[in-house]
Structure formats: structure tokens, C-alpha cells
Amino acid sequence: MTGLVLGKIVRAMITLLITVTLVFFFIRLSGDPAAALAPPDAPPQVIEQYRRAMGLDQPLPVQYFNYVLGLVQGDFGYSIHTGRPVEEIFLARVPATLLLGLTALGIALVLGVTLGTVAALSRASVLDRFVMAFSVFAFAMPNFFFGILVILTGALVFGVFFGGTGGIANFGQVLAPAATLGLASMGSFARFTRSSLLETLNKPFMGALEARGIPPMRRLLRHAAPNAAIPIVTMLGLSLGGLVAGAVVTEQVFSWPGVGQLLIRSVQTRDIAVIQFSVIAVSFTMTLANLVVDLVYFWLDPRIRRSGNV
Amino acid sequence: MSERRAPAGGSMPWSVRLSMGFVALFVLFALFGQWLSPFDFRETSLLNRLEPPALFTGEDSPYLLGTDARGRDLLVRLAVGAQISLIVAVVGTLISAVFGSLLGLIAGARRGFAETAIMTAVDVQASLPIIIVALFVLAMFNNSFILLLIMIGFTDWEGYARLVRAATLSAKEQGYVTAQRVLGSSAARIYLRHVLPNIFNIILVKFTVSLPLTILLETALSFLGLGVQPPMTSLGQIMSEGRDRLLNAWWLTLFPGAMIFLLALSVSLIGDWLRDRLDPTLIEGRRA
């Protein structure tokens with residue numbers, strides 16, 4: 001068990017190191033960062049000065065070593081445009097994205113699992129069909145289109161304008177973008193909960209419990225739910241990537257002042273230090289989240305805990 | 001795998017028939033839609049900016065679906081956009097499928113170092129949502145159509161690699177592989193001539209399941225202004241141009257948006273149906 005957990009942690013660290021290395025080489029591959037930073041009509045001396053200031057005149061292995069050392073020590077570089085440390089710029093955006101992402105995940109999880117449970121318990125009914133149709137709809141709906149529809153409906157029908165507030169002070173403003181962002185995951189959760197719960201309900205032990213006279217609610221909550229929860233945890237891990245990607249688009253549609261908007265703006269202005277930090281931060285978050293999901297998996301499933309094979 | 005449900009006549013649900021009809025219509029529109037309009041998709045007309053769709057207003061105007069902010073005909077732009085979006089999605093998904101399946105086959109066949117290396121690459125790819133990778137790459141290099149295709153081709157290779165590796169591992173345990181080995185066939189022959197055709201259904205199903213995701217990725221990137229660049233166009237790009245005029249020119253966003261949604265919906269319905277028919281056990285629970 002301990003060995004298994006350690007193995008997972010080592011794998012996560014290797015994954016991160018590879019990402020960090022790839023980011024380094026990609027930036028070097030894309031041409032001379034000094035020339036890209038300097039104004040287009042800068043004389044060669046100025047570019048040379050930039051190069052020296054950024055440490056680009058040193059051999060590649062030395063640069064790589066300094067880069068990794070800097071990351072470990074928390075020196076992530078400075079934005080070209082504002083001159084402020086990138087982690088400061090990035091962290092200022094994190095609360096908005098966390099609020100949006102966690103609200104979206106909450107909506108998706110609660111509504112998705114409820115819908116899936118209802119569908120499984122009323123199998124082959126109209127309700128079941130409706131839930132399945134909804135999950136296909138949610139999967140195929142582009143979130144930018146759905147966001148636009150939400151804004152349009154809000155403006156034309158309810159006279160409310162979602163998006164463009166430029167602030168996160170008003171909690172009501174988070175619901176529209178969060179519902180947009182959570183839609184796709186909600187569909188996946190509903191679908192997964194349904195199939196996982198159906199599979200569990202058909203297992204022989206459920207029949208045995210019924211024969212022993214255990215009441216239905218207790219059978220569902222105490223016996224079926226923990227077994228059915230395992231694939232849902234996997235789904236949770238898988239949906240994180242979709243949420244991060246969706247946040248970039250959703251923030252853009254609703255003018256939500258989060259990390260996604262920062263990333264798009266940095267790409268448009270080629271603010272390399274900010275992009276580099278964002279990519280590494282996203283990779284770190286995702287790797288950590290996947291690690292947590294794996295550990296929750298061990299905790300949920302005693303079989304894995306004991307035997308040690310996944 | 002070997003057990004297939006009998007293709008009973010008339011068992012295709014109406015939703016799948018409808019989806020196939022829509023996909024056929026979409027492809028026809030992408031191929032020949034330009035002929036429905038007398039205009040070129042780049043042709044601007046300052047006098048006819050933001051014309052509402054004649055199809056809805058009933059006015060006598062050559063702009064059946066209206067014009068955009070530069071007076072370009074929306075109908076012909078949608079046809080060209082559909083064409084580009086379709087090409088990017090299909091080619092991108094194909095690149096993913098071929099590349100990922102080959103790596104998965106190698107990982108399953110060779111085990112050892114090759115497997116570790118490939119599965120580590122899978123982990124790395126899985127730790128970064130493709131849209132973030134795409135943003136990074138597009139920021140570093142000049143945006144070109146070829147680069148976009150390659151980027152989108154990397155969308156889901158890790159999914160194929162995982163799936164094909166697992167299928168190869170289980171195929172290896174089956175009698176026919178042992179028989180081929182005893183007969184002295186080379187590894188390449190065993191895996192390419194015998195294992196690959198046997199697990200092809202799995203790849204096909206995965207292809208139809210990931211095609212809608214690729215469609216959504218390209219349109220999302222283009223919507224963000226980072227995908228297909230002008231003067232070329234795509235459905236996502238048309239939407240992003242119409243976004244600022246949501247309230248006074250709804251046709252610019254609603255038509256392309258509805259096309260993307262219906263295409264992704266139809267392809268996923270067909271994919272679900274194919275999955276149920278071809279492979280009831282292996283793919284279940286694999287859909288992200």
C-alpha cells in the first residue's frame with residue numbers, strides 16, 4: 001500500500017519534470033526570446049543586452065539548470081508588459097477562476113449524480129430517457145455557444161446582463177458562467193452515475209440484502225452508493241481537464257477576470273514568462289488533482305488497498 | 001469482441017437515422033454550399049452591412065442568411081467555414097488515431113522500456129488539457145494552418161494509446177497470437193496483420209467518440225481567435241466575429257453555433273450507437 005502510494009507520487013513528479021523540460025525547450029526552439037522581447041527596430045547592441053540580462057548568452061545546460069533552480073526557489077520571471085513578477089499577476093487571477101471552477105464542479109456533481117441516480121432507479125422510463133438525452137445534449141453543446149445563448153436569453157427575456165461586470169463581488173453573477181462551464185461535466189456525471197449504479201444494483205449482493213429485509217433507502221445509501229461511487233471518482237479526475245479547458249473559453253465569453261482570460265491576453269501579446277508560468281501551474285494543479293483522485297480511489301476501495309493492484 | 005449482436009433489419013433507432021441524415025446534409029453543404037450563393041466568401045460590400053437573413057424577413061435580397069459587419073454573405077461563409085471545420089476535425093482525429101494506436105500497439109507488444117516511455121508520455125499529455133498546450137504552442141510559433149492541424153492531431157492520441165495497449169495485451173493472451181508465433185511469423189506480421197485487424201473495431205468506435213470532441217476543440221480555438229486565421233474562415237471564427245453584435249445581428253452567432261452543435265450531436269449519437277453494436281464490453285466506461 002505505502003509502496004503503491006509512493007510509486008504514484010514519484011510518477012507524478014516525473015510527469016511534472018518532463019512538462020517543465022518540454023516548456024523550456026519549446027521556448028528555446030521558437031526562436032530568440034531576446035529578439036522577440038526587444039522592440040522590432042532595436043539595434044543589435046540592445047538585443048545583446050537583453051540576452052545577457054536574461055542569461056541567454058550562457059550554454060544551454062547552464063540555462064536549463066538555472067531555470068529549474070529558479071522554479072524550485074520560486075523565481076518565475078517577470079512579465080514583459082508590466083514588469084511585475086509573473087506569480088503575482090497569476091495569483092491575483094486565481095480566486096476568480098477557483099470561484100468559477102468550484103461552483104461549476106459543485107453544480108455538475110450535485111445535479112449530475114442526482115439525475116443519474118434518478119435515471120438508474122427509474123430505468124427505461126420517460127425520466128430515464130430524458131436524463132440520457134440531456135447527457136448527450138450536454139456533451140455535444142459547445143460551451144461558448146451555450147454561454148452566448150445564456151447571455152442572449154438573460155438579456156432578452158429577463159433583462160439581466162450576465163458577463164462584463166468585470167468583478168466577482170456579486171455572487172449571483174457566478175451562476176450563469178458556472179452553469180455554462182459545468183454543463184458538459186454534468187452530462188458525464190449523470191451518464192456515469194446511471195451506468196455505475198445500474199451495474200451495482202444488478203449485483204447478487206443487492207438481492208441478498210433485499211432477502212434479508214434491509215429497507216430500500218438503506219440498501220441504496222449504505223450498500224449500493226459506496227460501490228457505485230468508484231467509477232464516479234474516476235470521472236471526477238477525468239473531468240478536471242475539461243473544466244480547466246472549459247474555463248478558458250467560458251471566462252472569455254462572460255468576460256470573467258480569471259486565469260483563462262489572462263492566458264488568452266498573454267498569448268495575444270506574447271508575454272512568454274506569463275504563459276510559461278501558467279502552463280506549469282496548470283500542469284502542477286492537474287497532476288496534483290490526479291494524484292488526489294488516485295489516493296481517494298485507494299481509500300474508497302478496500303480491495304485495492306489490500307491487494308495492491310489497480 | 002468475437003460475439004456480435006446480429007444486425008437485425010430495421011433496428012436502427014430514429015435518432016441515429018436522423019443524425020446520419022444531418023451529417024450527410026452537412027457534408028453536402030460543406031462541399032457544394034458555395035454554389036447556393038452568387039458571392040465569394042471574402043467579398044465585402046459596404047452598402048450591405050449587417051443585412052438580416054432574407055429567408056426570415058421575406059425581403060427580396062440575394063443574402064438568404066444575411067451579411068456580416070463587412071457586408072460579406074453569411075451563406076457562402078458558412079459553407080466555406082463548414083468545409084474547413086470538417087477538414088480540420090477529420091484530419092486531426094485521423095492523426096490522433098494513427099499515431100496513438102501505433103504507440104499503443106508498440107507499448108502492448110514490446111512491454112519493457114518502450115512501454116514505460118510511451119506510458120510516461122501518456123501521463124504527461126494527460127496532465128495538460130490540449131487547449132492549454134495549443135495556446136502555448138500558438139503563442140510560441142507563428143500561427144499557421146499546418147501547425148493548427150498538427151496541434152489538433154495531438155488532441156486525443158493518449159486515449160488511443162491507452163485503449164490499444166490494453167486491447168493488445170488482452171489479444172496477446174488469445175490462441176491465434178500463440179499459433180502465429182509457433183508458426184514463426186515475425187512480430188510485425190503478428191501485430192499488424194493479425195492483432196490490428198482484430199482490435200480495429202475498438203479504434204473505430206473511439207474515432208467516432210472523439211470526432212465530436214475534435215470538432216468542438218477546433219471551433220473553440222477559432223472562437224478564441226487562436227485557430228483558423230483570416231482570410232480563411234471556420235464556423236468558430238464566424239461566431240467569434242459575430243459575438244460583439246449578439247443583440248443586433250443574432251444570425252451571425254446562432255447559425256454557425258447551431259451547425260456546430262447539431263454536427264457534434266449527430267456524430268456522438270452515431271458514435272454511441274456504433275459502440276453499442278460493435279463493442280459492448282471493452283469501451284464501456286472509457287468515454288470522457
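For residue A:257, state whether it is out of contact with any Lys or Arg (no Cβ under 6 Å at 6 or more places or on another chain) and either modelled with pLDDT under 85 or charged (D, E, K, R) (or both). Criteria not met by residue A:257. Using the structure shown, decide if residue A:89 is surrounded by 14 or more Cβ atoms within 10 Å (Cβ to Cβ) and in the same structural domain as residue A:221 (by TED's automatic domain parsing). Here the answer is no, as residue A:89 does not meet what is asked. Looking at residue A:204, is it over 21 Å from residue B:236 (Cβ atoms), of a type outside the set (Lys, Arg) and either within 13 Å of chain B (Cβ to nearest Cβ) or in contact (Cβ under 8 Å) with a residue 40 or more places away in the chain (or both)? The answer is no for residue A:204. Residue under question is residue A:84, and the condition is that it be charged (D, E, K, R) and modelled with pLDDT of 80 or more; does it hold? Here the answer is yes, as residue A:84 does meet what is asked. Modelled with pLDDT of 90 or more and within 30 Å of residue B:219 (Cα to Cα): does that describe residue A:155? Judged against the criteria, residue A:155 is not a match.
Counting only helices (runs of 4 or more DSSP H) that fall entirely inside segment A:1-120 and contain at least 1 residues that are touching a helix residue (DSSP H, G or I) at 6+ places or on another chain (Cβ under 8 Å) and within 21 Å of residue B:127 (Cα to Cα), the qualifying elements are A:2-29, A:60-73.
Can you tell me which residues in segment A:237-291 are in the same structural domain as residue A:185 (by TED's automatic domain parsing) and among the charged types (D, E, K, R)? If the condition is that a residue be in the same structural domain as residue A:185 (by TED's automatic domain parsing) and among the charged types (D, E, K, R), then A:251 is the only one that fits. The requirement of being within 14 Å of chain A (Cβ to nearest Cβ), assigned to a helix (DSSP H, G or I) and surrounded by fewer than 17 Cβ atoms within 10 Å (Cβ to Cβ) is not satisfied by residue B:178.
Evaluation of residue A:78 against the conditions (1) under 26 Å from the mean Cα position of the chain (by Cα); (2) aromatic (Phe, Trp, Tyr); (3) within 14 Å of another protein chain (Cβ to nearest Cβ) shows that the sole unmet condition is (3). Checked against (1) under 30 Å from residue A:22 (Cα atoms); (2) of a type outside the set (Phe, Trp, Tyr); (3) more than 14 Å from every other protein chain (Cβ to nearest Cβ), residue B:158 passes all but condition (3). Would you confirm whether or not segment B:68-77 contains a residue that is surrounded by fewer than 22 Cβ atoms within 10 Å (Cβ to Cβ) and farther than 30 Å from residue B:55 by Cα? No, that holds for no residue. Of the residues that make up segment A:272-286, is at least one at pLDDT 80 or above and over 19 Å from the mean Cα position of the chain (by Cα)? Among the residues of segment A:272-286, at least one is at pLDDT 80 or above and over 19 Å from the mean Cα position of the chain (by Cα), which makes the answer yes. Against the conditions (1) modelled with pLDDT of 85 or more; (2) surrounded by 16 or more Cβ atoms within 10 Å (Cβ to Cβ); (3) among the hydrophobic types (A, V, I, L, M, F, W, C), residue A:211 satisfies every one except (2). Restricting the search to segment A:141-152, which residues are in a helix (DSSP H, G or I), within 8 Å of another protein chain (Cβ to nearest Cβ) and buried (at least 23 other Cβ atoms within 10 Å of the Cβ)? Correct list: A:143, A:144, A:145, A:148, A:151. Exactly one residue among B:185, B:210, B:266 is of a type in the set (Ser, Thr, Tyr), part of a helix (DSSP H, G or I) and away from chain A (no Cβ under 11 Å), and that residue is B:210.
Return the residues of segment B:20-55 that are hydrophobic (A, V, I, L, M, F, W, C) and touching a residue at least 60 places away in the same chain (Cβ under 8 Å); say none if nothing qualifies. Scanning segment B:20-55 gives B:20, B:22, B:23, B:26, B:41, B:50. Taking the criterion of being surrounded by 23 or more Cβ atoms within 10 Å (Cβ to Cβ) and out of contact with any Phe, Trp or Tyr (no Cβ under 7 Å at 6 or more places or on another chain), the residues of segment B:85-102 that qualify are B:85, B:88, B:89, B:92.
The values are calculated or read from the model by the stated rules, or taken from the named source; none is laboratory data. Since this is a predicted model, take the numbers as computed values, not measurements. Methodologically, a virtual Cβ is constructed for each residue, glycine included, from the backbone with ideal geometry; neighbour enumeration extends over all protein chains shown.
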